[in-house]
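**Student:** What follows is a structure written as structure tokens; I'll ask about it next.
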Amino acid sequence: MESFQTIFTLFNGFIMFYVVLINCFYLTLFLLSFGKIRDYMKRSRYGEYLEINSSDLTPPVSVLVPAYNEELTLRDSLESLLQLNYPEYEIIVVNDGSKDRTLEVLQEHFHLVEMTQIVRYQIPTKKIKGLYRSTLYPNLIVVDKENGGKADALNTGINISSYPYFCGIDADSLLERDALIKAMRPFVEGHDEIVACGGIIRIANGCKIRNGRVEEVNIPKNILALHQVIEYLRSFLMGRIGMSSLNSLLIISGAFGIFRKRDVIQIGGYDTGTVGEDMELVIRLQKHMYETKSSGKVLFVPDPVCWTEAPENISVLRKQRTRWALGLIESMYKHRKIIFNPQYRTMGLFTMPYFFLVEMLGPPIELLGLILFGFGLAYGLVSIHFAMLFLIATLVFGIFLSMTAVLLEEYSFRKYTKVSHFIKLFLFSIVENFWYRQVNAVWRTYAFLRFFRKDHNWGAMERKGLTGSNNVPTVPKDTAGL
């Protein structure tokens, strides 16, 4: 019994050390993010965006929208894209073998006519069944193709695109009118040094939406969606800004990211063999730049906003989070030789170890620690002193990090302007640490089982549509008085 207690104590010590290590990572990212946001707010002037919008040197962009069974959300997303403040861009919707009325809705609403165009298959993809152009909006192109998955749809869009940069967004997303020009600013200022740039994703649930635009920002009434607001703030305003400041950003959300096309083609496009194609692509880009000794950079800009629909059903949310975790595991395994490899400098010695030790292994280790902690308390194997330390390390610091994410939002961009919004976010940043965080850890741990079973099924992602009961119904653009 004594030897068992010794082993138990040592293992608990390891769990405690690991939790402290994770919190140190998070604290470092918070400090980096705070400094970066402060500098960004000082440099950001609206007049500069007007200059970029009117300049002949601003490069044109192809906006790629992969769509699979998106009849409820796609029209609203396209309405927002067609209103972007940007001098020259095209929108390419790739219908990836949808089984619902996605193509029919587009044909009816945007008056599509079939077109002929020579396609250069610079990246191998599934067969294209038809090409269409809108008679209402000449810059809107729709591709109908055989089903091949999101990565294959994006590769098809790259092959068809006409411009040197492309922006990939999700079909259920809405871009703010200045989002594209704000995200393109680093490319205009940095010229050939910038390879990719991502923007922030925010939750649209509860917001009032008309004609593909968010007219009034509100807090979601659904508890699951509200928890995701805080989760997104923490992920983007702390994690990605901090990584970007180290020039080691490894993920640009598939919901909104801009890439220099030639670099993506050079490395073979999106990987169709992973469910986390967005992260895998950025890791491969960074790896390629290190190996070729390129001065290219991958950045995150916190101001350009993309609004997206968050799952309000726990079953749908479970599928989404499990899939995200599976994509992370696949990317870490595929590029495992980079981890702790000094050849890749910051990426190999800090960023990849962070994703491996914290983001990937963190959930199962945290769950194991909680189980052992409960077992130890029940059988008197854990002292009250250790119990208090464990509680502070796991819950109190987790609450602190969630609260600071909300404070960063209030300090910087203040999308949630009402006092009631701020109070509610602050309260739920405490509440999430007592159930939502643990449930998420279970889902992310389950992803390991899917990985070992080689289960790469995406699962059906149900949509309510961004013009649900909390929102204003969409009005056709030509009758909206715009």
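The values are calculated or read from the model by the stated rules, or taken from the named source; none is laboratory data. This one's a predicted model, so the numbers in the text were calculated from it and none came from an experiment. Cβ sites come from the backbone with ideal geometry, for glycine too, and all protein chains shown count toward neighbours.
**Student:** Can you tell me which residue within segment 369-406, out of those that are in a loop (DSSP other than H, G, I, E, B) and in contact (Cβ under 8 Å) with a residue 60 or more places away in the chain, is nearest to Leu32 (Cα to Cα)?
**Tutor:** Per the stated criteria, the residue is Val382.
**Student:** Here is a follow-up. Quick check on my filter: what residues within segment 70-118 are under 14 Å from Val143 (Cα atoms), touching a Ser or Thr at 6+ places or on another chain (Cβ under 7 Å) and polar (S, T, N, Q)?
**Tutor:** If the condition is that a residue be under 14 Å from Val143 (Cα atoms), touching a Ser or Thr at 6+ places or on another chain (Cβ under 7 Å) and polar (S, T, N, Q), then Asn95 is the only one that fits.
**Student:** From the set of residues in segment 414-436 that are at pLDDT 90 or above and among the charged types (D, E, K, R), which is nearest to Leu317 (Cα to Cα)?
**Tutor:** Glu432
**Student:** What residue, among those in segment 260-269 that are part of a helix (DSSP H, G or I) and in contact (Cβ under 8 Å) with a residue 24 or more places away in the chain, is surrounded by the fewest Cβ atoms within 10 Å (Cβ to Cβ)?
**Tutor:** Arg262
**Student:** Continuing with the same structure: Here is a check on your reading of the model: is Thr272 over 30 Å from Asn85 (Cβ atoms), assigned to a helix (DSSP H, G or I) and touching a helix residue (DSSP H, G or I) at 6+ places or on another chain (Cβ under 8 Å)?
**Tutor:** In short, no.
**Student:** Could you go through segment 66-88 and let me know if any residue there is crowded, with 18+ Cβ neighbours inside 10 Å, β-branched (Val, Ile, Thr) and at pLDDT 90 or above.
**Tutor:** no
**Student:** Of these, Thr116, Thr125, Thr135, Thr102, which one is free of Cβ contacts under 8 Å to residues at least 24 places away in the same chain and among the polar types (S, T, N, Q)?
**Tutor:** Of the residues listed, the single one that is free of Cβ contacts under 8 Å to residues at least 24 places away in the same chain and among the polar types (S, T, N, Q) is Thr116.
**Student:** Among what's in segment 302-350 and is under 17 Å from the mean Cα position of the chain (by Cα) and of a type in the set (S, T, N, Q), pick the residue that is surrounded by the fewest Cβ atoms within 10 Å (Cβ to Cβ).
**Tutor:** Gln320
**Student:** Further question: How many residues are in contact with a His (Cβ under 8 Å, 6 or more places away or on another chain) and among the hydrophobic types (A, V, I, L, M, F, W, C) if we restrict to segment 259-302?
**Tutor:** Adding up the residues that qualify gives 3.
**Student:** Looking only at residues in segment 182-219 that are closer than 30 Å to Asn247 by Cβ, basic (Lys, Arg) and touching a strand residue (DSSP E or B) at 6+ places or on another chain (Cβ under 6 Å), which one is surrounded by the fewest Cβ atoms within 10 Å (Cβ to Cβ)?
**Tutor:** That would be Lys182.
**Student:** How many of the residues in segment 172-183 are part of a helix (DSSP H, G or I) and in contact with a helix residue (DSSP H, G or I) (Cβ under 7 Å, 6 or more places away or on another chain)?
**Tutor:** Residues meeting the conditions: 2.
**Student:** Looking at Phe256, is it surrounded by fewer than 23 Cβ atoms within 10 Å (Cβ to Cβ) and either closer than 22 Å to Ser77 by Cα or within 17 Å of the chain's Cα centre (by Cα) (or both)?
**Tutor:** Spelling it out, it is not the case that Phe256 is surrounded by fewer than 23 Cβ atoms within 10 Å (Cβ to Cβ) and either closer than 22 Å to Ser77 by Cα or within 17 Å of the chain's Cα centre (by Cα) (or both).
**Student:** Cβ contacts < 9 Å: first residue without any contact (Cβ under 8 Å) to a residue 60 or more places away in the chain and more than 11 Å from Pro186 (Cβ to Cβ), restricted to segment 287-310; second residue of a type in the set (Gly, Ala, Ser) and crowded, with 17+ Cβ neighbours inside 10 Å, any location; separation 6+ or different chain. Result?
**Tutor:** Between residues of segment 287-310 that are without any contact (Cβ under 8 Å) to a residue 60 or more places away in the chain and more than 11 Å from Pro186 (Cβ to Cβ) and residues that are of a type in the set (Gly, Ala, Ser) and crowded, with 17+ Cβ neighbours inside 10 Å, the close pairs are His288/Gly296; Tyr290/Gly348.
**Student:** Here's a follow-up. Asp96: farther than 23 Å from Ile209 by Cα, buried (at least 16 other Cβ atoms within 10 Å of the Cβ), touching a residue at least 40 places away in the same chain (Cβ under 8 Å) and charged (D, E, K, R), yes or no?
**Tutor:** yes
**Student:** With the condition kept exactly as written, say whether any residue in segment 163-182 is modelled with pLDDT under 90, more than 19 Å from the chain's Cα centre (by Cα) and small (Gly, Ala, Ser).
**Tutor:** Checking segment 163-182: not a single residue is modelled with pLDDT under 90, more than 19 Å from the chain's Cα centre (by Cα) and small (Gly, Ala, Ser).
**Student:** What pairs can you find where one residue is in segment 182-207 and under 27 Å from Ile230 (Cα atoms), the other is crowded, with 22+ Cβ neighbours inside 10 Å and among the aromatic types (Phe, Trp, Tyr), and their Cβ atoms are less than 6 Å apart, with a gap of 6+ or different chains?
**Tutor:** Listed pairs, sorted by first residue: Ala196/Phe259; Gly198/Phe300; Gly199/Phe256; Ile200/Phe236; Arg202/Trp307; Ala204/Trp307.
**Student:** Can you name the strands (runs of 3 or more DSSP E) wholly within segment 84-154 that have at least 2 residues being closer than 23 Å to Cys306 by Cβ?
**Tutor:** Result: 89-96, 140-145.
**Student:** Please enumerate the residues belonging to segment 171-180 that are surrounded by fewer than 23 Cβ atoms within 10 Å (Cβ to Cβ) and touching a Pro at 6+ places or on another chain (Cβ under 9 Å).
**Tutor:** Selection gives Glu176, Asp178.
**Student:** For residues in segment 407-440 being polar (S, T, N, Q) and part of a helix (DSSP H, G or I), which is nearest to Ser33 (Cα to Cα)?
**Tutor:** Checking each candidate, the answer is Ser429.
**Student:** With respect to Lys221, determine if the residue is among the basic types (Lys, Arg), at positive phi, at pLDDT 90 or above and in a loop (DSSP other than H, G, I, E, B).
**Tutor:** No: the conditions fail for Lys221.
**Student:** Still on this structure, please answer the following. Could you list all residues from segment 220-260 that are polar (S, T, N, Q) and closer than 20 Å to Met347 by Cβ?
**Tutor:** If the condition is that a residue be polar (S, T, N, Q) and closer than 20 Å to Met347 by Cβ, then Ser235, Ser244, Ser245, Asn247, Ser248, Ser253 are the ones that fit.
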